[in-house]
Amino acid sequence: MKKFLVCLLAVCMLAFGAFAFTACDEESGETNTGGTTTVEVYAPDGAPALALGQLMSEEMQFGEDVNYNVVAADTIQTYVTGTNPRADICILPVNLAAKLLGTGESYQMLGTVTHGNIYILSTTETELTEENAATLLAGTKIGCLQRDNFVGYVLRAVLNKYNVAHEDRENKQEENTTGTTAYLYNVSGGEILPTADYDYMIAAEPAVSRKVNATSLKVVGSLQTLYGGTEGYPQAVLVAKTAFIEAEPAFIESFTQAVAANAEWLLNADTQASVICDAVESHLPEGATPSFTESDLTKEVISACAVRFTAAADCKDEVRSFLSVLSAAAGQTFTASDAFFYTPAE
């Protein structure tokens, strides 16, 4: 009897130890490639979330337990920072990725997933083009969503390209007194209205189309076109933990292939807007709603979000060049080392 009790106690202690190890590992947020924890994937709400549309809709797992999360855009950096970042794979703006992760030590860039979805709204009829932008933007008041982040940096880069002097202003009732300087104001989405005291307003798809459909505002220009060409620029990028990439190269290959195929799935005539919207909404925190609705997601709007995957090895020079432009526009330095750009082993 005594031997039986000793054995029973030993079995219980081993079982408790195994449970405690698993629970501790899950609490830490660390990826365990042995399958005791999930692969955590994060994307900000909006166009970047569309880059994972098919993967979320079909709950693609790639041989692991994958958990997809769509979160508020202004919180995305919290999932790749700290002593034990929660995200194994994450989508975030290219400047933020370079600023936080550019050394390649903790995360590497797998590729670019969106290539510019920022547009110019106005109540005017005249379209802004490369030929008239310098003249029409000079001396204007511009309300810019996220003026002090990516959207504002791209706007400043465009103004710099056309040699339009610009200045940040806080007093939204202040009149433009120079006649040549563009005054830039930080605005919320709710302030982008036909009655707002701005000559132009800057916002991103798919929210732009919602504004156009609900108000008398019109799209009169594209920052992508004004920046140069039809290919846009690297806006949102896909990163993964360096240690996870090294441990699971086959997973990374399958995952990026699926992200690349997703672009065609989004624009396929058989892919209903309701399916895409449900895919995003079902991966938001409980009680949250997506930044777009089913009626917003026409094929034209999805196309304007410029969702497509370009592998890091194929866009390395483009990303570095764009980071240089953003650095000059933002007045801060965004750089990425060679180690930041993931290249699959031969």
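The values are calculated or read from the model by the stated rules, or taken from the named source; none is laboratory data. The structure displayed is predicted, hence computed values, not measured ones. Don't worry about glycine lacking a Cβ; one is built from the backbone with ideal geometry, like all the others, and counts go over all protein chains shown. What goes into the accessible areas is simple: the full protein's heavy atoms, side chains included, and nothing from ligands, DNA or RNA. Shrake-Rupley method; radii C 1.70, N 1.55, O 1.52, S 1.80 Å.
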Original post:
If only one of Thr123, Thr140, Thr112 is open to solvent by less than 40 Å² (accessible area, probe 1.4 Å), hydroxyl-bearing (Ser, Thr, Tyr) and closer than 24 Å to Ala304 by Cα, which one is it?
Top reply: Thr112
**OP:** Looking only at the stretch 75-109, count how many residues are in contact (Cβ under 8 Å) with a residue 24 or more places away in the chain and either of a type in the set (Gly, Ala, Ser) or open to solvent by 50 Å² or more (accessible area, probe 1.4 Å) (or both).
**Re:** 12
**OP:** Can you tell me which residue within the stretch 183-231, out of those that are in contact with a Phe, Trp or Tyr (Cβ under 9 Å, 6 or more places away or on another chain) and small (Gly, Ala, Ser), is nearest to Phe322 (Cα to Cα)?
**Re:** Ser222
Original post:
Which residue pairs have Cβ atoms closer than 6 Å, lie 6 or more positions apart in sequence or on different chains, and pair a first residue in the stretch 306-326 that is in contact (Cβ under 8 Å) with a residue 24 or more places away in the chain and part of a helix (DSSP H, G or I) with a second residue that is surrounded by fewer than 19 Cβ atoms within 10 Å (Cβ to Cβ) and among the hydroxyl-bearing types (Ser, Thr, Tyr)?
Top reply: Ala313/Thr343
Original post:
Out of (1) surrounded by 19 or more Cβ atoms within 10 Å (Cβ to Cβ); (2) under 17 Å from Leu137 (Cβ atoms), what's the single condition that is false for Ile192?
Top reply: (2)
**OP:** Given the conditions (1) open to solvent by 10 Å² or more (accessible area, probe 1.4 Å); (2) under 24 Å from Ala330 (Cβ atoms); (3) of a type in the set (Ser, Thr, Tyr), report the number of the one that Thr129 does not fulfil.
**Re:** (2)
Original post:
Taking into account only those residues within the stretch 38-61 that are more than 19 Å from Thr75 (Cα to Cα) and open to solvent by 10 Å² or more (accessible area, probe 1.4 Å), which is modelled with the lowest pLDDT?
Top reply: Thr38
Original post:
Is it the case that Leu159 is open to solvent by less than 20 Å² (accessible area, probe 1.4 Å) and not aromatic (Phe, Trp, Tyr)?
Top reply: yes
**OP:** Give the number of residues within the stretch 62-74 that are loosely packed, with under 15 Cβ neighbours inside 10 Å and either closer than 22 Å to Tyr233 by Cβ or not acidic (Asp, Glu) (or both).
**Re:** 3
Original post:
Inside the stretch 162-189, can you point out the residues that are open to solvent by 70 Å² or more (accessible area, probe 1.4 Å) and under 27 Å from Pro206 (Cα atoms)?
Top reply: Glu170
Original post:
Are any residues in the stretch 273-291 closer than 17 Å to Thr75 by Cα, among the β-branched types (Val, Ile, Thr) and open to solvent by 40 Å² or more (accessible area, probe 1.4 Å), and if so, which ones?
Top reply: Thr289
Subject >> Residue check for Ser295: among the polar types (S, T, N, Q) and either within 21 Å of Ala207 (Cα to Cα) or open to solvent by 70 Å² or more (accessible area, probe 1.4 Å) (or both) >> reply: yes
Subject >> Residue, farthest from Ser282 (Cα to Cα), within the stretch 48-87, restricted to residues that are part of a loop (DSSP other than H, G, I, E, B) and among the β-branched types (Val, Ile, Thr) >> reply: Thr83
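For the stretch 307-346, how many residues meet the condition of being among the hydrophobic types (A, V, I, L, M, F, W, C) and at pLDDT below 95?
Result for the stretch 307-346: 1.
In this structure, does Arg210 turn out to be touching a helix residue (DSSP H, G or I) at 6+ places or on another chain (Cβ under 6 Å) and modelled with pLDDT under 95?
Numbers: touching a helix residue (DSSP H, G or I) at 6+ places or on another chain (Cβ under 6 Å): yes; modelled with pLDDT under 95: yes.
Answer is yes for this residue.
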